[in-house]
Amino acid sequence: MHWLVIILLMVLLSRMWLRSFNEALASLKRAIRLKRYGVHKTGEIIGFVERVDEEGDRWFRPIIAFSYQGKQWQFVSELGDGENGLVGAYVRVIHDPLTPGVAEVDSFMALFGGPVLGLVILATCVVLAVGYVIHELLAQVG
């Protein structure tokens with residue numbers, strides 16, 4: 001009976017894991033597409049947006065402005081840290097040529113860090129969970 005509870009729990013968790021896997025994979029595909037077809041520009045940090053997480057930690061995400069085809073564009077980068085950085089600093093930016101508002105700092109961590117880390121953590125959790133289920137099933141047999 002104990003193994004049945006474990007299998008039911010695995011089925012419930014697999015739905016959540018599959019949804020998380022699909023989101024991470026979609027994010028990775030967007031980053032690859034942006035890297036392959038994106039336009040490289042130099043952007044300027046014009047300010048910061050402060051975010052506070054559940055633990056109360058403060059993160060500052062840079063607001064970056066750049067120009068493309070005579071228009072000024074800006075975006076808030078996903079790449080932030082715990083310090084308010086230098087306004088006026090220049091960074092490399094990559095953006096979608098059809099929708100310049102879809103942009104990010106042109107660095108590995110900004111483009112691929114989240115999706116790759118998400119997939120690695122997800123894969124590790126799945127391997128550990130499957131290993132635990134196999135261990136429990138073998139313990140029931142033996």
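Each reported figure results from applying straightforward, stated rules to the coordinates on display, with no laboratory input. All values reported here derive from a predicted model rather than from experimental measurement. Heads up, the Cβs are rebuilt from the backbone with ideal geometry, glycines too, and the neighbour counts pull from every protein chain shown.
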Nearest 10, in degrees from 0 to 90: the angle of helix 2-37 to the longest Cα principal axis of the chain is 20
Segment 2-141: relative contact order from alpha carbon pairs under 8 Å, six or more residues apart, as a whole percent, is 26
Cross-link reach from Lys35 to aspartates and glutamates, straight Cα distance under 13 Å and at least 8 residues apart if same chain, gives Asp96, Glu104, Asp106
Taking the chain and counting helices only, DSSP H stretches of n ≥ 4 at -39,500 (n - 2.57) each over all residues, the nearest-500 ellipticity at 222 nm comes to -16500 deg cm²/dmol
The value for segment 2-141 (convex hull of the alpha-carbon atoms, volume per residue, Å³) is 128
With the label point 7 Å along the Cα-to-beta-carbon line of Val49 and a cut-off under 14 Å to each amide N, the hits in segment 98-142 are 101-105
Expressed in nanometres to one decimal, the distance between label points 7 Å along Cα→Cβ at Gln69 and Val126 is 3.9
Residues whose modelled amide H sits under 5 Å from the amide H of Tyr68, counting only those 5 or more places away in sequence or on another chain, are Trp73
